Amino acid sequence: MSKAMPAVHELQESLAGPRAVINGGKPIRLESGAMLGPVTVAYQTWGELNADRSNVVLVCHALTGDQYAVGTHPITGKPGWWESMIGPGKSIDTDRFFVICPNCLGGCMGTTGPAATNPETGEPYGTAFPVITIRDMVQAQAMLLDTLGIDKVMCVIGGSMGAMQVLDWAACFPKRVVSAVAIAGAARHSAQNIAFHEVGRQAIMADPDWCNGFYFREGKRPESGLSVARMAAHITYLSEPALWRKFGRALQDRYTKSYGFDADFQVESYLRYQGASFVQRFDANAYLYITRAMDYFDLEADFDGDLANAFRNTQTRFLLLSFTSDWLFPTSESKEVVRAMNRAAANVSFVEVESDKGHDAFLLDEPDMFATVGGFVDSVAREQEAGR
Amino acid sequence: MSLLSGSRGRFVLGHNEYGLRPDLALVASMVEPGTRLLDVGCGDGALLEYLVKVKGCDGRGMEISQAGVNACVARGLSVVQGDADRHLVDYPDDSFDYVILSQTLQAVRSPREVLLQMLRLADTTIVSFLNYGHWAARWSMVTRGRMPHTRALSTPWFETPNIHPCTVKDFMDLTRILKLGVGRAYGLAKEREVTTIAHGFEGQANLFAEQAVFELLRPEQPKGKKRRPA
């Protein structure tokens with residue numbers, strides 16, 4: 001891979017798009033008690049904010065996502081990760097709604113994270129960055145909306161880690177959230193998922209180029225470690241049927257086995273490509289911090305051991321979706337949340353979408369998902385208009 | 001809904017101004033406005049939407065098909081994908097004032113368990129079902145020697161979702177076995193003709209009703225007593 005690439009922390013300074021310094025430039029108190037600041041949040045918007053600011057849709061991205069949900073990505077040159085969901089006439093209709101997608105706290109696309117400059121040292125934070133949580137990400141998003149003069153969101157929506165943020169938004173700011181859509185998510189990270197994340201983190205930390213998190217001082221990047229982390233994680237986003245359909249046991253660019261450790265199989269070649277392209281756009285430390293935030297997420301524990309407490313007396317309308325072949329965030333996790341919402345008498349709808357594409361299905365072309373989300377968001381908007 | 005009264009417990013259902021199917025309009029007429037309810041097997045949400053938007057109920061739905069849930073969600077209803085056999089256990093005791101099961105009882109795996117679950121969630125349930133005791137069904141079976149094929153029962157045996165067909169009398173037997181209270185009960189024929197099923201006179205309804213709608217109450221509860229909405 002090209003060593004001429006600028007380091008991610010240099011690259012992110014040059015990224016296009018609006019940024020806001022939140023909390024008036026004052027440090028924010030994190031869930032751990034640590035102070036962090038000033039905090040900048042980079043974000044993207046689509047559509048027009050209406051006069052009474054009632055048409056806001058907040059999109060929360062997943063672990064390795066970013067604010068470029070729509071439009072050409074400034075680094076990869078590829079289409080946005082949720083082009084299929086957001087746009088004129090789509091499920092989240094930018095002709096009607098003002099859609100905002102911030103880069104999460106701890107991210108590496110312009111929002112304050114381990115690759116950002118530490119004002120105390122003048123160099124990137126690295127592992128001097130404090131450990132953050134999903135709640136801290138949500139707090140930063142809420143402060144961004146404060147900064148932009150937006151009180152209520154008509155809908156907060158996200159998949160995977162984004163769904164965790166959605167649930168936390170609804171639990172922490174019930175009066176600011178008219179409706180919430182959590183796709184392929186969970187109210188807490190499972191032991192298996194923590195285990196997978198630990199494998200990824202250990203791969204990064206075992207890379208000598210990681211340099212205890214201060215690789216930028218040496219002009220290095222732990223590319224092989226981050227790449228292995230990505231490869232391992234990527235398997236968990238797919239399903240055996242999806243892998244089989246895509247690759248089977250087909251060989252890559254050869255007719256016979258090499259009897260060596262080249263990428264003989266297409267699936268190996270694919271994973272190597274996934275790993276290699278990921279390191280071009282993602283900061284290894286950011287990967288450590290964001291996976292940690294997901295591991296710490298446990299909404300049930302935060303609400304005295306009863307998840308229903310997170311949703312008592314809420315007026316928010318909820319939609320939860322899961323996918324049949326998702327084994328990373330399986331349907332049982334979504335159903336746990338639905339049951340808790342039922343105990344709290346919350347307004348919840350739930351669908352398990354038939355798909356063999358695994359966890360990644362929420363990013364892919366799933367017409368049933370688009371229909372369900374589109375119908376839900378439209379009904380919330382119409383209800384809101386009728387109530388005005 | 002308007003009930004055009006006739007004589008001796010007979011009515012003709014008026015046209016529902018929201019286009020609700022007559023059997024659903026009959027069910028809707030048995031629900032107190034402003035109550036909390038769960039519609040099990042709510043289909044495309046026509047009844048649930050009527051109860052929520054017209055009768056001001058706080059309604060939830062459960063539906064097995066994705067298409068049904070999508071239709072409900074698009075109507076602004078809160079509906080969870082699930083089936084009566086497996087997912088009623090997810091709700092706490094006394095979650096609702098009513099649980100409604102329209103045209104679904106005969107399609108569930110364990111009708112008896114489903115009825116008991118419903119009465120755990122609410123002290124009143126409203127159940128509607130097709131009556132296989134209707135004279136035309138009997139005539140069809142006797143003359144053809146095959147499963148009934150009538151106007152009301154037109155799906156062939158290998159395609160009907162009704163794996164537990166029953167008659168009005170069969171249903172009454174089950175309510176006795178389970179010691180359930182029976183509130184209001186109606187027979188429905190020719191789409192709109194309603195007959196009150198009087199206690200001890202089920203035989204007539206069993207012969208002339210194509211569909212039946214029953215209000216069932218918890219065993220311990222005196223007949224007809226209804227908990228008021230909070």
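The values are calculated or read from the model by the stated rules, or taken from the named source; none is laboratory data. Every value quoted in this text rests on a predicted model; they were computed, and no experiment measured them. Every residue, glycine as well, gets a Cβ built from its backbone with ideal geometry; the counts of neighbours run over all protein chains shown. Surface accessibility is based on the protein's heavy atoms, side chains included, excluding ligands, DNA and RNA. Shrake-Rupley method; radii C 1.70, N 1.55, O 1.52, S 1.80 Å.
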Inset, instruction - May I have the convex hull volume per residue, in Å³, for the Cα set of the range B:68-148? - result: 130
Inset, instruction - Obtain the nm distance between the two label points defined at A:D306 and A:A128 by a simple spin-label model: each point lies 7 Å from its Cα along the Cα-to-C-beta direction. - result: 4.6
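Return the calculated 222 nm mean residue ellipticity for chain A, to the nearest 500 deg cm²/dmol, obtained by summing -39500 (n - 2.57) across DSSP H runs with n ≥ 4 and dividing by the residue count. Let's see the in-between values first.
Details: 11 runs with 134 residues, N = 388.
Taking each H run of at least 4 residues, the total per residue is -11000 deg cm²/dmol.
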Inset, instruction - Let me have the relative contact order for the range A:27-171, percent, based on Cα pairs under 8 Å that are six or more residues apart. - result: 31
Legend entry - Relative compactness, the range A:217-269, computed as alpha-carbon Rg over 2.2 N^0.38 Å: 1.45
Inset, instruction - For A:S355, list long-range residues whose amide hydrogen, built 1.01 Å from N in the peptide plane, is under 5 Å from its own amide hydrogen. - result: A:T324, A:S325
Legend entry - Percent of alpha-carbon pairs separated by more than 25 Å within the range B:1-113: 23
Inset, instruction - Quick one: compute the contact order of chain B, relative version, from alpha carbon pairs under 8 angstrom and 6+ residues apart, as a percent. - result: 19
Legend entry - aspartates and glutamates with Cα under 18 Å of A:K90, excluding same-chain neighbours fewer than 8 positions away: A:E48, A:D365, A:E366, A:D368, A:D378
Legend entry - Peptide B:65-71 - average C-beta neighbours from other chains (10 Å radius): 4
Legend entry - Residues of the range A:225-247 with amide N under 18 Å of a point placed 7 Å along Cα→Cβ from A:Y273: A:227-228, A:230-239, A:242-247
Inset, instruction - Of the listed pairs A:K78/A:K246; B:K169/B:K190; A:K175/B:K55; A:K246/A:K335, which have alpha-carbon separations greater than 22 Å here? - result: A:K175/B:K55; A:K246/A:K335
Legend entry - Theoretical FRET efficiency, 1/(1+(r/R0)^6), r = Cβ-Cβ of A:T76 and B:F158, R0 56 Å, to 0.05: 0.55
Inset, instruction - Grab the Cα-Cα distance for A:E83 and A:Q315, subtract it from 0.36 nm times how many residues apart they are, and report the gain in nm with one decimal. - result: 80.5 nm
Legend entry - Distant-in-sequence amide H partners of B:L38 (H built 1.01 Å from N, under 5 Å): B:R60, B:Y98, B:V99, B:I100
Inset, instruction - Order the peptides B:70-82, A:106-118, A:14-26, A:32-44 from the highest to the lowest mean number of other Cβ atoms within 10 Å of their residues. - result: A:106-118, B:70-82, A:32-44, A:14-26
Legend entry - Over the range A:68-120: Kirkwood hydrodynamic radius from C-alpha pairwise inverse distances, Å: 12.7
Legend entry - Paramagnetic reach from A:D52 (point 7 Å along Cα→Cβ, amide N under 12 Å) across the range A:354-388: A:383-388
Inset, instruction - Over the protein assembly as shown, give the accessible area per residue in Å² for a 1.4 Å probe, as an integer. - result: 42
Legend entry - Environment charge at A:Q141 (Cβ cut-off 13 Å; Lys +1, Arg +1, Asp -1, Glu -1): -1
Inset, instruction - Work out from phi, with θ = phi - 60° and the Karplus expression 6.51 cos²θ - 1.76 cosθ + 1.60, the ³J(HN,Hα) of each residue of the range A:302-319, listed in order in whole Hz, and give x for Gly and Pro. - result: 5, 10, 6, x, 10, 4, 4, 4, 5, 10, 5, 6, 7, 9, 5, 8, 10, 10
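Using a cut-off of 15 Å between beta-carbons, work out the net charge of the residues near A:P88 (Lys and Arg +1, Asp and Glu -1, A:P88 not included).
For residues surrounding A:P88, the net value is -3.
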Legend entry - Coordinate range along principal axes, alpha carbons of the protein assembly as shown, Å, largest first: 94, 63, 42
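So, R0 is 56 Å and r is the distance between the beta-carbons of B:W139 and A:H234; what FRET efficiency does that work out to, to 0.05?
For B:W139 and A:H234, the calculated efficiency is 0.30.
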Inset, instruction - Would you tell me the mean number of C-beta atoms belonging to other protein chains that fall within 10 Å of each C-beta in A:374-382, as a whole number? - result: 4
Inset, instruction - Enumerate the calculated ³J(HN,Hα) couplings along the range B:118-125 in order (Karplus 6.51 cos²θ - 1.76 cosθ + 1.60, θ = phi - 60°), each rounded to whole Hz, writing x wherever the residue is Gly or Pro. - result: 4, 7, 7, 7, 8, 7, 9, 10
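Evaluate peptide B:79-91: per residue, the Cβ atoms of other protein chains within 10 Å of its Cβ; return the mean as an integer.
Mean partner shielding for this stretch: 4.
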Legend entry - ³J(HN,Hα) computed for each position of the range A:328-345 - Karplus, 6.51 cos²θ - 1.76 cosθ + 1.60, integer Hz, glycine/proline x: 7, 10, x, 3, 4, 5, 5, 5, 4, 5, 4, 4, 4, 5, 5, 4, 8, 6
Legend entry - Kirkwood Rh (inverse of mean 1/r, distinct Cα pairs), chain B, angstrom: 17.9
Inset, instruction - Among A:N50, A:N103, A:N309, determine the one that fluctuates most according to a GNM of chain A built with springs between C-alpha atoms less than 10 Å apart. - result: A:N50
Legend entry - Rounded to 5, percent antiparallel among DSSP beta bridges of chain A: 30
Inset, instruction - Rounded to the nearest 0.05, what FRET efficiency do B:D170 and A:R217 give with R0 = 56 Å and r taken as the Cβ-Cβ distance? Could you check? - result: 0.10
